[in-house]
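Okay, so here's the structure we're looking at.
The values are calculated or read from the model by the stated rules, or taken from the named source; none is laboratory data. The structure displayed is predicted, hence computed values, not measured ones. A quick note on method: Cβ atoms are made from the backbone with ideal geometry, for glycine too, and the neighbour counts reach across all protein chains shown. Calculation scope for accessible area: heavy atoms of the full protein, side chains included, ligands and nucleic acids excluded. Shrake-Rupley method; radii C 1.70, N 1.55, O 1.52, S 1.80 Å.
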Amino acid sequence: MEPARPLSGARVDLEAGDYRASIASIGASLRVLQYRGRDLVVPFDVDEVRPGYRGATLAPWPNRVADGRYAFAGVAQQLPLTEPGRGNALHGLVSWLDFAVTARDADRVTLEAVIEAQDGYPHRLVIEVAYLLDGKGLHETVTARNPGNAPAPYGTGPHPYLVAGAGSVDDWTFTLPAAEVLAVTPDRLLPVGLADVAVEDAGVFDFREPRVIADTFIDHAFTGLARDAAGTATVTVTAPEGAGVAMSFGADCPWVQVHTADTPDPATSRRGLAVEPMTCPPDAFNSGTDLVVIEPGGASSASWTITAL
């Protein structure tokens, strides 16, 4: 009798220098990332149903589509409401797909899944997720290809919960080089409009200079990102002892969602800081803001890197 398949899917372990990672095939999810034995993301067990979207790849949209409704090319669509408590379609269609491993080595893996045309999203997309581990950390690239005969709306992003070190989110120092925050409704977290981080809610979302997160609640998208000469934006989280983690991403992700991971259970609440580079903001299927449209035969890629500090 063959051993039972792990609940998180096929396990792929990667190693390079002081880094170790483990990828789960369900959702092409980042299950473990460590540097010299120190967790850089909140992990989950291989034989565990992945908790929520922890470490998942998000496509063909990140974040929320309000009421699951949108129109594209003049045709109204209705997506399943995967966030029923708020009445939204959340985080795309691939997070629970079982990705096939198409290439693998000690320090890298490529996984692939197909979004089949369906009610609410009548497009077939091939989603390829490539992970590479090296001396600079873990690099993830998500590529979508459109083999169909019609354009397809698209967005993507990851969903890791970064861990700076000991303690909780409240103890860590956060740096986020974003000048604008997307204000949201308090009940459904739907976009209201862009605001200056120095002004919105008395500047509580302004982390352009490093400061301790303390009891700040964040579940917002940010933009207006300061970037280096290469076009890279970098977000950092550090613990009091000085250890930390950074996440960097290029101009293919003009947005980043940040969430302090508040839950009703004190044992799990605020254990990690979700940092989610995104190619588009929440509800982009309706607003059209930075929405990627993949033409027939075309492709779109986005990348990000997690590094120990």
Inset, instruction - Taking the Cβ of T102 as the centre, find all other residues whose Cβ is under 14 Å away and add up their charges (Lys, Arg: +1; Asp, Glu: -1). - result: -1
Inset, instruction - List the residues of the range 235-265 whose backbone N lies under 18 Å from a point placed 7 Å from the Cα of E48 along the Cα-to-Cβ direction. - result: 261-265
Inset, instruction - Using per-residue counts of other Cβ atoms within 10 Å, averaged over each peptide, order 217-225, 79-87, 286-294, 147-155 from highest down. - result: 217-225, 147-155, 286-294, 79-87
Legend entry - Simple label model, 7 Å out from Cα along Cβ direction - T232 to R271, nm: 3.0
Legend entry - Label-point gap, in nm, between R5 and D219 - each point 7 angstrom along Cα→Cβ: 3.2
Inset, instruction - Pairs of Cα atoms under 8 Å, at least six residues apart: use those to get the relative contact order of the chain, whole percent. - result: 19
Legend entry - Rough spin-label spacing in nm, given labels placed 7 Å along Cα→Cβ, for R208 and V126: 4.4
Inset, instruction - Would you mind checking which residues have amide H under 5 Å from H220's amide H? H placed 1.01 Å from N; only 5 or more apart, or other chain. - result: V258
Inset, instruction - Using a 1.4 angstrom probe, figure out how much accessible area the range 26-116 has per residue, in square angstrom, rounded to the nearest whole. - result: 42
Legend entry - the chain, accessible surface, carbon-and-sulfur percent (1.4 angstrom probe): 53
Inset, instruction - Express in nm, to one decimal, how much length is gained between E15 and D262 on full extension, taking 0.36 nm for each residue of separation and deducting their alpha carbon distance. - result: 85.8 nm
Inset, instruction - Could you tell me whether the range 75-211 comes out rounded, prolate or oblate from its Cα gyration tensor? Rule is a ≥ b ≥ c as square roots of the eigenvalues, rounded for a/c under 1.5, then prolate if a/b exceeds b/c, otherwise oblate. - result: oblate
Legend entry - Cut-off under 5 Å, modelled amide H: who pairs with Y161 long-range: V42, G55
Inset, instruction - May I ask for the net charge around L30, where only other residues with Cβ less than 11 Å from the Cβ of L30 are counted and Lys, Arg are +1 while Asp, Glu are -1? - result: +2
Inset, instruction - Provide the FRET efficiency to the nearest 0.05 for the D105-A195 pair, computing r from the beta carbons and using R0 = 51 Å. - result: 0.65
